[in-house]
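Mind having a look at this structure? Questions to follow.
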Amino acid sequence: MLDILFIGLSLGSILLLVALGLAITYGAMGVINMAHGELVMIGAYTAVLSGIWLDLGLFAALPLGFLSAAAIGWAIERVVVRRLYGRLLDTLLATWGIAILLQQAVRLEFGLSFFGIHIQGLGPGLQNVAVPEILQTTITIAGSSINAYRVFIVAVTLVLTLLTWAIMYRTRIGMQVRAIIRNPRMAAASGIDVARVNALTFAFGSGLAGVAGVMMSGFKTVFPDMGSSMVVDGFLVVVAGGVGSLLGSVLSAGMLGEINAVAAAVTNDILARAIVFGVVILIIIVKPAGLFSFKGR
Amino acid sequence: MSITRRSLLKSTAAASLAAVAAPSLIGRALAADTIKVGALYSQTGGLSIVEKMLADAVMMAVSEVNAQGGVLGRQVEVIVEDGASDPKTFSEKASKLLVRDRVNAVFGCHTSASRKAVLPLFERRDGMLFYQTHYEGFECSKNVVYTGAVPNQQLGNYIPWIVKTLGKKKFFIVGSNYVYPREMAKVSKKLIEEAGAEWVADEYLELGHSEWATMVRKIKESGADVVLSNVVGDSIVAFYREYKNQGMSQADVPICATVTSEIEIAAMGAEYAAGSYTSFPYFMSLDTPANKGFIERYRTFVKDPAALTYHSLEAAYFQVFLWKQAAEKAGSVKAADIRAAIGGQSYDAPGGKVTIDGDNLHAYLTPRIGQWQADGQSKVVNAYPEPIRPLPYAAYGETADNLFCTAKGLDSAKLKG
């Protein structure tokens, strides 16, 4: 039983990794970022390329994944999203377009070569990242074996969540972000540089997606489409947890992960997914604003 | 002879018709010295990475045919169309190839979904499609030549070998949730029981799903001593990785797969697959001069000295030569003549001799079992002495003596029985 609960915890962590960035950009800025999954993909490709070019392992790729995804996120905010604040559906369409552009750009370049140069080790389309030896073991706790790599994912998620919380609630810029969430105009009137804070927030959310991508490259395939299905799961977590609530995202990710793991163990994976969707629908029916709704003014 | 009103109308009509038709006649006369064929694969979208390789293989084969003097003394021109990883686009592009370009044959489609989407068109327009992917069988069309393996060619020697040589008694069958894995499971259950073993579970995962934690745990708990995997696509990579990460050993409980090829092994990292098995007619590691030459030519053609070859790629390549042989035997490239001539045609492909069955237009192929090594290549541990007959309806009881597909089409009376 312990191992099922642990699987649930690790599923929840992966959900949360993807949802954290979405929770920030959607919750804080009212931007539905459909390109979030592609930022995850960019993080994963950063891990692949840093392995091939720089001979760096997974650990060293984590900060690189953050930086590359944050840089691209920042560019997306400056070029496109900036012009669309307050137009929720327009951000959805525009970022979806960006998602397709990013996907095809990666697909065209990474088929077999990069800008026409063949890179040794870059396979045909699907890539992989080697997992460090120490994470390839299993740890036995109370008679059930637990996978070290998943423990690592849970730990990284925990650190990132705490870091995000600390930035949002313990720093000056976090306070500015929260002020902008409540009332952007009033925040601007109080002397907050809304454009700058928004760009930084977006870049930070994107960077988190990049880290998620690096983590996922350790146990999933890295390929151009890998992000598209994750966005849906990310939004499930954000919507069920309550938009704008960090605590809500954490709890709903944990809950959905556990429901998925237990349902899959008792029945099968296909039914488990249906059950997760069912639970989210129920939550939205009963509490339309999510479990931990944020009291706006 | 008096000119009547009627005959005047007639001749004007004929003249204007001729005027309208003239440009197309001229166009065709100019193109008459080449034979047009289509290559219909995804160049964009999710499947493009794999399908571009297949298109490359077809174009390489055509360039070789042209270098050898073409077909019936004429050069072959390939019209490449992009199916965009979408069955509906496949059907539109197939219609363009057949109706506007009037190609004589189409080499193409990678998934069953795209093949099913274009099939009605080929039947209505009486075109010829050459389809190279191994698939679930359960199809019979006079307009398609199937050069990939069908279930009996992948499982017929595989299951008895797993039971007798590996000594495995309890199978855990796992697959992606769609028609191919389910049909494969149907055939394998029958073969497992015939071989005196049992299957303990038959589980499916959504297509494209890559979260294997619970399934691998189930495999562990089930007490199975072998896993039969019909998982497809990128799920494969996540599966083998999770399998190793949860401490499962390929030496104790090997994964025996029907889809996992050189491509997926490279994608997951060879150490995750080392020790597992796959059954296919072709492996890149086949140590024959024909295969070595094929790999070398392919690598030169795609300008990639590390390019991998695999079963579908090989079939995409050799099917062009089968078409050429049929055209030369018939002395014509018309679909109906190709169809009549291709039954019984043999070709020495990189993977060995292939022959097209005249009844169901599927290929006789040599089943082989490969064990994956740490370098990402396979070691062929078992092979049939000769190519075996394709039985697309094996899951429904088709045997070599009792064919469901006949030269006239499917004998549907047998399906119910």
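For B:R217, which of the numbered conditions (1) within 30 Å of A:T140 (Cβ to Cβ); (2) open to solvent by less than 10 Å² (accessible area, probe 1.4 Å) fails to hold?
(2)
Right, something else. Of the residues A:Q136, A:Q176, which is within 14 Å of another protein chain (Cβ to nearest Cβ), surrounded by 14 or more Cβ atoms within 10 Å (Cβ to Cβ), of a type in the set (S, T, N, Q) and touching a residue at least 12 places away in the same chain (Cβ under 8 Å)?
Exactly one of A:Q136, A:Q176 is within 14 Å of another protein chain (Cβ to nearest Cβ), surrounded by 14 or more Cβ atoms within 10 Å (Cβ to Cβ), of a type in the set (S, T, N, Q) and touching a residue at least 12 places away in the same chain (Cβ under 8 Å), namely A:Q136.
Taking region A:72-93 only, how many residues are under 19 Å from the mean Cα position of the chain (by Cα) and open to solvent by less than 60 Å² (accessible area, probe 1.4 Å)?
Going through region A:72-93 one residue at a time, the tally reaches 8.
In region A:269-276, is there at least one residue being buried (at least 18 other Cβ atoms within 10 Å of the Cβ), of a type in the set (D, E), in contact (Cβ under 8 Å) with a residue 40 or more places away in the chain and within 17 Å of B:S210 (Cα to Cα)?
No, every residue in region A:269-276 fails to be buried (at least 18 other Cβ atoms within 10 Å of the Cβ), of a type in the set (D, E), in contact (Cβ under 8 Å) with a residue 40 or more places away in the chain and within 17 Å of B:S210 (Cα to Cα).
Same structure, new question: What do you reckon, is A:G30 open to solvent by 60 Å² or more (accessible area, probe 1.4 Å), at pLDDT below 95, among the small types (G, A, S) and under 23 Å from A:R185 (Cβ atoms)?
Considered against the rule, which asks whether it is open to solvent by 60 Å² or more (accessible area, probe 1.4 Å), at pLDDT below 95, among the small types (G, A, S) and under 23 Å from A:R185 (Cβ atoms), A:G30 comes out as no.
Quick check, is B:V174 open to solvent by 10 Å² or more (accessible area, probe 1.4 Å), within 30 Å of A:M216 (Cβ to Cβ), touching a Ser or Thr at 6+ places or on another chain (Cβ under 8 Å) and hydrophobic (A, V, I, L, M, F, W, C)?
In short, no.
Is it the case, given these coordinates, that B:A266 is open to solvent by 20 Å² or more (accessible area, probe 1.4 Å) and not basic (K, R)? Please lay out each step first, then the result.
On the way: open to solvent by 20 Å² or more (accessible area, probe 1.4 Å): yes; not basic (K, R): yes.
Yes.
I'd like the full set of residues that are at positive phi, over 28 Å from the mean Cα position of the chain (by Cα) and within 12 Å of another protein chain (Cβ to nearest Cβ), limited to region B:200-254.
Correct list: B:G247 only.
Give the residues of region B:294-339 that are surrounded by fewer than 16 Cβ atoms within 10 Å (Cβ to Cβ), without any contact (Cβ under 8 Å) to a residue 12 or more places away in the chain and not charged (D, E, K, R), sorted by residue number.
Correct list: B:T300, B:P305, B:A306.
Does region B:174-187 include one or more residues that are closer than 21 Å to A:R150 by Cβ and among the polar types (S, T, N, Q)?
The answer is no, given that none of the residues of region B:174-187 is closer than 21 Å to A:R150 by Cβ and among the polar types (S, T, N, Q).
Condition check ((1) open to solvent by 10 Å² or more (accessible area, probe 1.4 Å); (2) of a type outside the set (A, V, I, L, M); (3) within 14 Å of chain B (Cβ to nearest Cβ)) across all residues:
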{"position": "A:A209", "(1), (2), (3)": "no, no, no"}
{"position": "A:V214", "(1), (2), (3)": "no, no, no"}
{"position": "A:S217", "(1), (2), (3)": "no, yes, yes"}
{"position": "A:T221", "(1), (2), (3)": "no, yes, yes"}
{"position": "A:S228", "(1), (2), (3)": "yes, yes, yes"}
{"position": "A:V232", "(1), (2), (3)": "yes, no, yes"}
{"position": "A:F235", "(1), (2), (3)": "yes, yes, no"}
{"position": "A:V238", "(1), (2), (3)": "no, no, no"}
{"position": "A:L247", "(1), (2), (3)": "yes, no, no"}
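Okay, next question. In region A:252-284, what count of residues is obtained for those that are of a type in the set (V, I, T) and under 17 Å from A:M1 (Cα atoms)?
4
Condition first: more than 9 Å from chain A (Cβ to nearest Cβ) and without any contact (Cβ under 8 Å) to a residue 40 or more places away in the chain. Can you find one or more residues in region B:145-158 that meet it?
no
Something else about it: Please enumerate the residues belonging to region B:366-390 that are more than 29 Å from B:G269 (Cα to Cα) and surrounded by 24 or more Cβ atoms within 10 Å (Cβ to Cβ).
B:P390
Another question, if that's okay. What are the residue pairs meeting all of these: first residue in region A:4-23, first residue away from chain B (no Cβ under 14 Å), second residue not in a helix (DSSP H, G or I), Cβ atoms under 7 Å, and 6 or more apart or on different chains?
Going by the 7 Å Cβ cut-off, the qualifying pairs are A:L22/A:N33.
The values are calculated or read from the model by the stated rules, or taken from the named source; none is laboratory data. Only a predicted model underlies this, so the values are computations on that prediction, with no experimental measurement involved. Cβ: placed from backbone, ideal geometry, glycine included. Neighbour counts: every protein chain shown. What goes into the accessible areas is simple: the full protein's heavy atoms, side chains included, and nothing from ligands, DNA or RNA. Shrake-Rupley method; radii C 1.70, N 1.55, O 1.52, S 1.80 Å.
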